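Input: a single structure, listed below in structure tokens.
The values are calculated or read from the model by the stated rules, or taken from the named source; none is laboratory data. What you see is a predicted model, and the numbers here were worked out from it, not measured in a lab. Reconstructed Cβ throughout: ideal geometry from the backbone, glycine too, with neighbour counts over all protein chains shown.
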Amino acid sequence: MAALTLHSFIISWAGRHEKAAAIAKAVASTSNTVTVVYSDPDETQAPKFPCPAIRRPNSLLWEDKFRATLHACRSDILLVIHADCECDDWSKVPLSARKTFADVPRAAVWSPLLDGTIHNITRTLIHDIKGTDYSVVSQTDGIVFAITRPIMERMKKAVLDKNPHGWGIDTMINCCSYSKAMLSIVDRGMAVHHPQGSGYDRSEAQHQMNSFLEQLTPEEETIYQFMRTVQRYAKEAARLAREQGLVPPPPQAGA
């Protein structure tokens, strides 16, 4: 069987271009193709990247950049890395994604062990695959993730332009995976850090997401309701464990 091809996309914006360039350079040796998708309010700005770059309007946000990755990808695997993340060795991230999809043929969505996300593994874990670092999860985040061709093709059909912040794209991706009897996998051996917080109106993003998810197919909607149930039970179990002193409380923002 031929090795799976992988296209890494680094998502960049004002203040992140140097970091994006460094990540692009790091993943070049372990990716078949690397592209930076970026925006900047300075129209005269021409960031120097060590790979091809796609410039998008600064007024458009994550949904627009994601759509750009979908239409540019010609590989078996589409990998997204947002440039505000940290990793000890970025070159290992494409290797982890490619190996996971090879090891777990039914996998359609991959994520590293990511912190700084509401979709942390404590809340989303379904079960660990014995003898591996792989965990089957109900949801991954849209911060650092990889998807295979069936998910790409479904997401090309989604109407994205009324959801600029892009909340819910990750949810649709995972619902699509399970609706096709495929899996979403976290590689616990590949850690990536994401800083918490956002610089926009979260209530507006939530409203946009709710409208966006009205596009779910009946099969995806069924999965979505299951996902929400799994996550509610996990959240409640974690709360009870903290109250009983079984686990330390989560760190407070700014602590």
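Quick notes on this structure:
- Inclusion of Ser96 among residues that are under 23 Å from Ala72 (Cβ atoms), assigned to a strand (DSSP E or B) and not acidic (Asp, Glu) is not warranted.
- Verdict on Ala181 being out of contact with any Phe, Trp or Tyr (no Cβ under 6 Å at 6 or more places or on another chain) and at positive phi: yes
- Being at pLDDT 95 or above, farther than 25 Å from Thr148 by Cβ and among the hydrophobic types (A, V, I, L, M, F, W, C) is true of Trp13.
- Per-region count, the stretch 93-107, residues among the charged types (D, E, K, R) and under 16 Å from the mean Cα position of the chain (by Cα): 1
- Among residues of the stretch 66-90 that are under 13 Å from Ile151 (Cβ atoms), those with a Cβ under 9 angstrom from a residue that is part of a helix (DSSP H, G or I) and aromatic (Phe, Trp, Tyr), sequence gap 6+ or separate chain, pair up as Asp76/Phe101; Ile77/Phe101; Val80/Phe66.
- Filter result for Val109 (closer than 24 Å to Leu70 by Cβ, in contact with a Pro (Cβ under 8 Å, 6 or more places away or on another chain) and not charged (D, E, K, R)): no
- Taking residues in the stretch 126-154 that are over 10 Å from Ser111 (Cβ atoms) and at pLDDT 95 or above, and partners anywhere that are basic (Lys, Arg) and assigned to a strand (DSSP E or B), the pairs with Cβ atoms closer than 7 Å and at least 6 places apart or on different chains are Asp133/Arg188.
- Restricting the stretch 122-172 to residues that are of a type in the set (Asp, Glu) and more than 20 Å from Arg74 (Cα to Cα), the residue that is surrounded by the fewest Cβ atoms within 10 Å (Cβ to Cβ): Asp161
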